[in-house]
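Q: Here it is: the structure, laid out below.
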Amino acid sequence: MIVMDQIAAMQALMRQYRREGKTIGFVPTMGYLHEGHTSLIDRARAENDIVVLSVFVNPLQFGPNEDFARYPRDFERDRRIAEQHGVDVLFHPEADEMYPEPLTVRAIVQARADVLCGRSRPGHFDGVATVLMKLFNIVMPDRAYFGMKDAQQVAVVDGLIRDLNFPIELVLVPTVREADGLAKSSRNVYLSPQERSEAPALYAALQAAASAVERGERSAAAIRRMVREHIEAHTHAEIDYVEVCSYPDLTPLETLAGTVLIAVAVRFASARLIDNIMIELPKTGEQGDGKGEQACFARS
């Protein structure tokens, strides 16, 4: 495995791979790798000649009161995990390499950013989009791999790739979960033992909502109420949001139809957790297949 920290050298290596006709799969991360990340790496390994992993904690996507300084970091551990999973190139730049001087140009995300997590994190997705534009131009991948745990980020990346005509295939990978259903996250290390025992209630609430949809519930208000009540009854967390919206445009829904995202975010004492499920339903006015409107759970 090659480890690189300089942009110019990284671009030269990527150009060499492209001249050789090799396909490049890219997994961008902020490090502190877990099974969610390695599922992305493994998928990229199966589908590409070269797998590139970036580990960079991007300061642009953290607000002034967020956890940039204490975001978990362990590069030597990340290096071992990357090598074990067959990464060919590990790109690990310092902040002053990525941002050597104040930016003269940065991304502004016009849509899909002012709902869900973006509502309480102004500028967050501008920072995500800015660093991804830089990374896409550095790595020049054929495919980029993202997990569905952060469905809003995936929606923003989808728009970024489409709007700016990046020649990149966006590959979506299902959320990886603990045995009790908790979505894998680098921030799970912040949970106290009591909070860790309560945290699986997020996915349990989403599963309860999914069962209601399968039984025929189509009211977004009823689904939101059901999820909220379950979380309130089983955790001490403060609910940030419970939302039901279309995907990937993230428009709030009153009646469930089409591709539906049910998403939650909660705050424990030292950690903010997110989770979601995706459901495929007939669009309004569409005819069914004669078997009723059974929900199809596309990605979880």
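Just so you know, all these numbers are worked out from the coordinates, no wet-lab data involved. Bear in mind that the values here come from a model prediction, so they are computed numbers and not experimental data. All Cβ positions, even for glycine, are placed from backbone atoms using ideal geometry, and neighbour counts span all protein chains on display.
Q: Quick one: order MET140, MET133 by neighbouring beta-carbon count within 10 Å, fewest to most.
A: Values: MET140 19, MET133 16.
Sorted ascending by nearby Cβ count, the order is MET133, MET140.
Q: Could you work out how far helix 35-47 tilts from the main Cα principal axis of the chain, as a 0 to 90 degree angle to the nearest 10?
A: Tilt of helix 35-47: around 60 degrees.
Q: If you don't mind, another one. Show the residues, 5+ positions off or on another chain, whose built amide H is closer than 5 Å to the amide H of SER54.
A: Correct list: VAL27, THR29, PHE91.
Q: Within 10 Å of each residue's Cβ, count the other Cβ atoms and sort VAL156, VAL51 from fewest upward. Can you show the working numbers first?
A: On the way: VAL156 25, VAL51 29.
The most exposed by this proxy come first: VAL156, VAL51.
Q: Dipole size in debye (nearest 20) for the chain around its Cα centre, Lys and Arg Cβ +1, Asp and Glu Cβ -1? Mind showing how you got there, number by number?
A: Values: 33 positive and 42 negative charges, 27 e Å.
Magnitude of the dipole: close to 140 debye.
Q: Could you tally up the Lys pairs in the chain with alpha carbons closer than 25 Å? Skip any pair fewer than 8 positions apart unless they're on separate chains. Walk me through the intermediate numbers first.
A: On the way: LYS22/LYS134; LYS134/LYS149; LYS149/LYS184; LYS149/LYS283; LYS283/LYS291.
Total qualifying Lys-Lys pairs in the chain comes to 5.
Q: Would you work out the charge dipole size for the range 141-292 about its Cα centre, treating the Cβ of every Lys and Arg as +1 and the Cβ of every Asp and Glu as -1, and quote it to the nearest 20 debye? Before the final figure, lay out the partial values.
A: Working: 16 positive and 22 negative charges, 37 e Å.
Result for the range 141-292 is approximately 180 debye, rounded to the nearest 20.
Q: Helix 7-19 versus the longest principal axis of the chain: what angle, 0 to 90°, nearest 10, using Cα atoms?
A: Here the helix axis deviates by roughly 90 degrees.
Q: Of the listed values [x] 0.97; [y] 1.01; [z] 0.95, identify the label whose number matches Rg/Rh (Cα atoms, Kirkwood Rh) calculated from this model.
A: Identified label for the calculated read-out: [x].
Q: Something else about it: GLU94 to VAL189: FRET efficiency via 1/(1 + (r/R0)^6), r the Cβ-Cβ distance, R0 25 Å, to the nearest 0.05?
A: About 0.60, to the nearest 0.05.
Q: Going by Cα centres, the range 4-76 and the range 254-282 are how many Å apart?
A: Taking the Cα centre of the range 254-282 as reference, the centre of the range 4-76 is 26 Å away.
Q: Something else: Using modelled amide H (1.01 Å from N, peptide plane; none on Pro or chain starts), what sits under 5 Å from the amide H of TYR241, excluding residues fewer than 5 places away?
A: ALA265
Q: A follow-up question, please. Once both axes come from the Cα atoms, what is the angle between helix 151-163 and the longest principal axis of the chain, in degrees from 0 to 90, rounded to 10?
A: Taking Cα atoms only, the helix is inclined about 60 degrees.
Q: Counting other Cβ atoms within 10 Å, keep those with at most 13, restrict to DSSP loop, and tell me which trypsin sites (Lys or Arg not before Pro) in the range 39-134 are left. Intermediate results must be reported in sequence, preceding the final value.
A: On the way: sites: ARG43, ARG45, ARG70, ARG73, ARG77, ARG79, ARG80, ARG106, ARG112, ARG119, LYS134; in loops: ARG70, ARG73, ARG106, ARG112.
Taking the range 39-134 and a limit of 13 other Cβ atoms within 10 Å, the loop trypsin sites (Lys or Arg not before Pro) found are ARG70, ARG73.
Q: Order by neighbour count: THR29, THR255, THR23, fewest other Cβ atoms within 10 Å first, most last.
A: Exposure proxy ranking, most exposed first: THR255, THR23, THR29.
Q: Helix-only mean residue ellipticity at 222 nm, the chain, DSSP H runs n ≥ 4 weighted -39,500 (n - 2.57), per residue, nearest 500. What is it? Write out the running numbers ahead of the final one.
A: On the way: 10 runs with 109 residues, N = 300.
The per-residue figure over the chain is -11000 deg cm²/dmol.
Q: Kirkwood Rh over Cα pairs of the range 186-280 into Stokes-Einstein at 4 °C, 1.567 mPa s: D in µm²/s?
A: Details: Rh = 13.5 Å.
The estimated diffusion coefficient comes to 96 µm²/s.
Q: Would you mind pulling out the separation of the Cα centroids of the range 174-249 and the range 93-107, in Å?
A: 36 Å
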